[in-house]
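Right, one structure below, let's go through it.
The values are calculated or read from the model by the stated rules, or taken from the named source; none is laboratory data. Bear in mind that the values here come from a model prediction, so they are computed numbers and not experimental data. All Cβ positions, glycine included, derive from the backbone under ideal geometry; neighbour counts span all protein chains shown. These accessible areas exclude ligands, DNA and RNA; they are computed on the full protein's heavy atoms, side chains included. Shrake-Rupley method; radii C 1.70, N 1.55, O 1.52, S 1.80 Å.
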Amino acid sequence: MSSLKVQNIRAPRGNELTCKGWIQEAAMRMLMNNLDPEVAENPDDLVVYGGIGKAARNWESYHAIINELKELENDETLLIQSGKPVGKFRTHENSPRVLIANSNLVPAYANWEHFNELDKEGLMMYGQMTAGSWIYIGAQGILQGTYLSFVEAGKKVFGSPDLTGKFILTGGMGGMSGAQPLAGKMAKAVILVVEVDRKRIDRKMKEGYCDYICEDLDEALDKVKELTEKGEPASIGLVGNCADIFQEIHDRGIVPDIVTDQTSAHDPRNGYVPSGMTYEEALQLREEDPDKYERLSLETIAKHVRAMLALQDAGAETFDYGNNIRHYAKEQGVENAFDFPGFVPAYLRPLFCEGNGPFRWAALSGNPEDIYKTDQLAKEMFKENQALVNWIDMAQKMVEWQGLPARICWLGYGERHKFALKVNEMVASGELSAPVVFGRDHLDSGSVASPNRETESMKDGSDAVADWPILNALVNTSGGASWVSLHHGGGVGMGYSIHAGQVLVADGTKEAAEKIERVLVSDPGMGVIRHADAGYSRALEVAEERGVHIPMKK
Ligand code: NAD
């Protein structure tokens with residue numbers, strides 16, 4: 001199988017087709033883009049981000065998917081089951097070209113133990129959220145959401161979105177977590193990110209996401225002190241294990257202003273790293289004795305959360321950043337692990353009530369100019385939204401391209417389709433040099449059930465109701481999204497989430513415009529109706545103001 005491995009995958013650029021239509025071409029390019037070494041964390045093992053979040057089950061499946069996409073007709077639909085192509089049927093031109101189901105298990109079997117057995121047998125794959133659904137765009141994909149979370153935390157605690165002179169402490173500098181250093185700096189704070197694998201920090205230094213690297217806590221804290229006193233925004237990566245470092249910072253009586261964590265705690269076996277040994281020793285133990293590794297990893301998670309709780313008690317604004325760390329700590333006997341909230345109920349739910357979430361688009365041309373033109377359009381169309389305009393200006397200055405040029409831009413109900421229609425016109429007129437794909441994270445307003453994350457503390461207690469993401473996938477399929485995915489376990493691990501994704505290709509045609517008007521209305525609309533149904537007044541107002549039909553309004 002390893003002989004099938006492809007080094008340095010890079011999606012084709014430009015406007016020449018290698019497939020039989022732009023939708024198939026877009027799916028192929030976005031799959032390849034997910035595995036571009038500029039984009040993926042570990043492309044050799046097909047791992048895109050988030051622990052072992054993969055784009056295809058194995059190299060044989062990868063090649064089979066590419067071949068199928070090249071042969072796929074404009075009235076056919078390819079079926080992907082946990083990263084492997086399993087069938088193709090004639091559907092019709094307005095159907096999705098690809099339907100994807102990743103990592104789904106019957107609820108009573110939905111745990112890591114069962115999944116890991118099937119994974120080992122080659123029967124399943126962990127798709128995370130945007131890894132197996134081919135719409136990951138590198139660290140930028142989470143950058144704006146991370147920035148928004150820091151800014152909202154600032155507003156809540158200090159009454160200002162400006163974090164100048166403030167100290168953020170967090171962990172993890174991998175695929176998604178690697179957005180933290182830049183997001184903290186964008187919010188004008190000094191951010192210290194503890195990461196056990198030095199290579200990950202080196203990579204973020206090269207990509208311009210991190211300013212300094214330290215091997216030693218004293219040196220790192222001196223730097224924090226110096227920079228906060230000067231009011232100079234900066235990011236520092238510290239090589240170390242979060243559990244040890246967070247505890248040590250607490251023991252020294254230092255209280256950061258904001259504390260969070262984004263290590264891959266959702267997967268104690270293949271993601272999180274235990275303390276008490278070097279990183280190399282940990283990797284060896286993971287290989288040789290995975291049960292022992294997992295036990296030590298869970299113990300470390302408990303220590304890590306205890307330290308976060310102690311820092312919270314000492315006065316730090318502390319929140320969980322979507323990796324289910326509180327759950328695993330509670331399982332280890334940390335009874336009060338849920339004393340600090342998740343980032344969604346703490347800061348982001350009001351946006352979800354408006355159907356707002358991490359919308360993004362990528363230029364299939366590979367030409368950054370295409371993205372700059374769409375940036376300009378977004379700034380003109382939403383000029384009254386100063387935060388959005390600032391965001392685009394900052395992103396242009398500070399975000400390096402990874403793979404195909406792309407832009408993350410949180411837009412809500414009523415905004416996404418209007419924007420995409422204009423972009424479709426720009427593709428039709430030749431103003432943009434090739435089609436554009438529109439997609440979003442599965443972490444969106446109406447596409448996920450995840451009681452320890454996106455749907456934590458819902459007003460009506462419906463946190464674990466998973467009908468919503470399933471309806472989301474079904475309505476987006478009915479509306480003719482280009483590809484639709486339904487996954488399990490993303491973000492928080494097996495058993496704790498069900499979520500859906502969709503991607504839509506704007507190729508400049510009339511048919512694309514019609515699909516945009518259907519899918520980019522129903523998709524954020526699912527967020528509005530989900531939150532209105534749970535009794536959120538802002539969602540009910542948005543439904544009223546923007547004309548979202550809800551049959552049994554409360
Ligand atoms: P990743 O696996 O690419 O990176 C995680 C990093 O954590 C790695 O670099 C790893 O070396 C480091 N790490 C692990 N244990 C550590 C420890 N004890 N101390 C210090 N460093 C440690 O994963 P990712 O894509 O960065 O995602 C991180 C987590 O965030 C996952 O749990 C993922 O599911 C979750 N996530 C959250 C959001 C969100 O919006 N909040 C979005 C995507 C992913």
Handout entry: Residue within the range 94-105 that is open to solvent by 80 Å² or more (accessible area, probe 1.4 Å) and not assigned by the TED database to the domain that holds T509 present
Key = no
Problem - Residue satisfying condition, being buried (at least 24 other Cβ atoms within 10 Å of the Cβ), in a loop (DSSP other than H, G, I, E, B) and of a type outside the set (D, E, K, R), within set V39, V48 - result: V39
Practice task
Identify, by number, the condition in (1) touching an Asp or Glu at 6+ places or on another chain (Cβ under 7 Å); (2) open to solvent by less than 10 Å² (accessible area, probe 1.4 Å); (3) among the β-branched types (V, I, T) that V427 doesn't meet.
Solution key: (2)
Exercise for the section: Starting from residues that are open to solvent by less than 50 Å² (accessible area, probe 1.4 Å), more than 26 Å from K223 (Cβ to Cβ) and away from the ligand (no atom under 12 Å from the Cβ), keep the ones in the range 245-292 and report whichever is nearest to the chain's Cα centre (by Cα). Expected result: P290
Exercise for the section: Check the range 218-234 and report whether any residue there is at pLDDT 95 or above, within 16 Å of the ligand (Cβ to nearest atom), under 28 Å from the mean Cα position of the chain (by Cα) and not in a helix (DSSP H, G or I). Expected result: no
Problem - Complete set of residues in the range 274-288 that are without any contact (Cβ under 8 Å) to a residue 12 or more places away in the chain and either touching a strand residue (DSSP E or B) at 6+ places or on another chain (Cβ under 9 Å) or more than 19 Å from H304 (Cα to Cα) (or both) - result: E280, E281, L283, Q284, L285, E287, E288
Exercise for the section: For the range 400-411, state whether one or more residues are touching a Leu at 6+ places or on another chain (Cβ under 7 Å), open to solvent by less than 50 Å² (accessible area, probe 1.4 Å) and in a helix (DSSP H, G or I). Expected result: no
Practice task
Considering each of A434, A449 in turn, give the residue that is on the phi < 0 side of the Ramachandran plot and within 16 Å of the ligand (Cβ to nearest atom).
Solution key: A449
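Residue-wise test of (1) without any contact (Cβ under 8 Å) to a residue 24 or more places away in the chain; (2) among the polar types (S, T, N, Q); (3) more than 25 Å from R286 (Cα to Cα).
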position	(1), (2), (3)
L4	no, no, yes
N8	no, yes, yes
G21	no, no, yes
N34	no, yes, yes
N42	yes, yes, no
K54	no, no, no
Fill in the blank from the handout: Out of (1) open to solvent by less than 50 Å² (accessible area, probe 1.4 Å); (2) away from the ligand (no atom under 13 Å from the Cβ); (3) under 18 Å from V334 (Cβ atoms), the one I213 does not meet is (3)
Exercise for the section: Can you work out which of the residues in the range 340-392 that are out of contact with any strand residue (DSSP E or B) (no Cβ under 8 Å at 6 or more places or on another chain) and of a type in the set (V, I, T) is most open to solvent (accessible area, probe 1.4 Å)? Expected result: V389
Handout entry: Restricting the range 382-406 to residues that are in contact with a helix residue (DSSP H, G or I) (Cβ under 6 Å, 6 or more places away or on another chain) and over 21 Å from A234 (Cα atoms), the residue that is modelled with the lowest pLDDT
Key = V389
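A quick yes/no check of all residues on (1) in contact with an Asp or Glu (Cβ under 9 Å, 6 or more places away or on another chain); (2) without any contact (Cβ under 8 Å) to a residue 60 or more places away in the chain; (3) surrounded by fewer than 24 Cβ atoms within 10 Å (Cβ to Cβ); (4) under 15 Å from S95 (Cα atoms):
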site: H487; (1), (2), (3), (4): no, no, no, no
site: G491; (1), (2), (3), (4): yes, no, no, no
site: A513; (1), (2), (3), (4): yes, no, yes, yes
site: I516; (1), (2), (3), (4): no, no, no, yes
site: D523; (1), (2), (3), (4): yes, no, no, no
site: H531; (1), (2), (3), (4): yes, no, no, no
site: R538; (1), (2), (3), (4): yes, no, yes, no
site: A543; (1), (2), (3), (4): no, yes, yes, no
Handout entry: the range 143-179, subset of a type in the set (V, I, T) and assigned to a helix (DSSP H, G or I), residue nearest to the ligand (Cβ to nearest atom)
Key = T146
Exercise for the section: Please indicate, with yes or no, whether at least one residue in the range 85-107 is within 16 Å of the ligand (Cβ to nearest atom), over 28 Å from L411 (Cα atoms) and outside any strand (DSSP E or B). Expected result: yes
Exercise for the section: Report yes if some residue within the range 119-130 is among the β-branched types (V, I, T), in contact with a Phe, Trp or Tyr (Cβ under 9 Å, 6 or more places away or on another chain), open to solvent by less than 20 Å² (accessible area, probe 1.4 Å) and in a loop (DSSP other than H, G, I, E, B); otherwise report no. Expected result: yes
